[in-house]
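**Student:** Below you'll find the structure I mean.
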Amino acid sequence: HGAALGHRRLSIVDIGGGAQPMFHEDGLTAVTFNGEIFNHLELRRDLEKRGHRFRTRSDTEVLLHGFREWGERLPERLNGMFAFCVWDRRTRTALLARDRMGQKPLYYAHRDDGTLIFGSELRALLEHPAVGRRLDVDALALYLTLEYVPHPFAAVQGVRKLAPGAALLWRDGALSMRDYVR
């Protein structure tokens with residue numbers, strides 16, 4: 001239905017129930033997530049009071065229900081270290097967000113045809129045939145000067161790194177970005 005999500009997981013919270021990509025019970029929303037949501041129990045209680053029902057104890061499922069409740073304002077409510085994507089099949093919308101401190105990276109490539117390719121590791125993007133392997137010389141110059149590559153740059157041409165505390169919204173091929181930390 002316009003999206004493909006894949007995931008390789010280091011299981012920490014709800015090892016058996018937190019398999020990803022995780023789908024909402026109606027199958028219309030999916031999430032892939034790297035990290036940990038520290039306030040997931042508090043958010044879960046709030047969401048349950050609002051009528052949401054959970055199938056797992058995973059912090060990942062809180063992202064699914066949180067997106068359904070708060071939409072693109074979800075990242076403001078999160079305390080944790082994370083990089084995630086929630087895909088909503090009904091609106092053909094993907095919300096990607098990165099934690100405030102930038103502990104979990106989030107790389108993305110937005111192709112001319114509107115395709116969005118993303119991952120929490122640069123090497124994951126390199127597996128996609130639409131992502132080239134040409135070195136970004138500006139990123140190299142920054143690395144040689146600063147000894148790291150700051151956002152939005154990445155070592156590969158056409159790939160960018162989402163800033164800490166930023167959210168990216170993809171809707172039918174168009175991107176918009178905002179800082180959710182004020």
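The values are calculated or read from the model by the stated rules, or taken from the named source; none is laboratory data. Note that the structure is predicted; figures quoted are calculated from it, not measured. Don't worry about glycine lacking a Cβ; one is built from the backbone with ideal geometry, like all the others, and counts go over all protein chains shown. We work out accessible area using only protein heavy atoms, side chains counted, and drop any ligands, DNA or RNA first. Shrake-Rupley method; radii C 1.70, N 1.55, O 1.52, S 1.80 Å.
**Student:** How large are Rg and Dmax for the range 26-107 when calculated on the C-alpha trace, in angstrom?
**Tutor:** 11.9, 35
**Student:** Let me ask something additional. Each label point is 7 Å from the Cα along the Cα-to-Cβ direction; what then is the distance between the points at Arg53 and Met177, in nm?
**Tutor:** Result: 4.1 nm between the two label points.
**Student:** As a test of reading the structure, rank Leu140, Leu116 by solvent-accessible area (1.4 Å probe, protein chains only), most first.
**Tutor:** Accessible-area ranking of Leu140, Leu116, largest first: Leu140, Leu116.
**Student:** Run the paramagnetic zone check for Leu144: 7 angstrom along Cα to Cβ, then residues of the range 90-128 with backbone nitrogen under 11 Å.
**Tutor:** none
**Student:** While we're looking at this one, here's another question. How high is the relative contact order of the range 85-165, given as a whole-number percent (alpha carbon pairs under 8 Å, six or more residues apart)?
**Tutor:** The normalised contact order for the range 85-165 reaches 31 percent.
**Student:** Oh, and also: Ignoring ligands and nucleic acids, what accessible area does Leu146 show with a 1.4 Å probe (Å², nearest 10)?
**Tutor:** 80
**Student:** Once neighbouring chains are kept in place and the probe is 1.4 Å, which whole percent of the accessible area of the chain is contributed by carbon and sulfur?
**Tutor:** Heavy-atom surface of the chain belonging to carbon and sulfur, 1.4 Å probe: 50 percent.
**Student:** Then there is this: Could you check the simple spin-label distance between Glu42 and Glu127, using points 7 Å along Cα→Cβ, in nm with one decimal?
**Tutor:** About 3.5 nm separates the two model spin labels.
**Student:** Now for a separate question. What is the ratio of the Cα radius of gyration of the chain to 2.2 N^0.38 Å, with N the residue count, to two decimals?
**Tutor:** 1.03
**Student:** Something else now. Once the range 82-182 is represented by equal point scatterers at the alpha-carbon sites, with solvent omitted, what log10 I(q)/I(0) does the Debye formula produce at q = 0.22 Å⁻¹?
**Tutor:** -1.22
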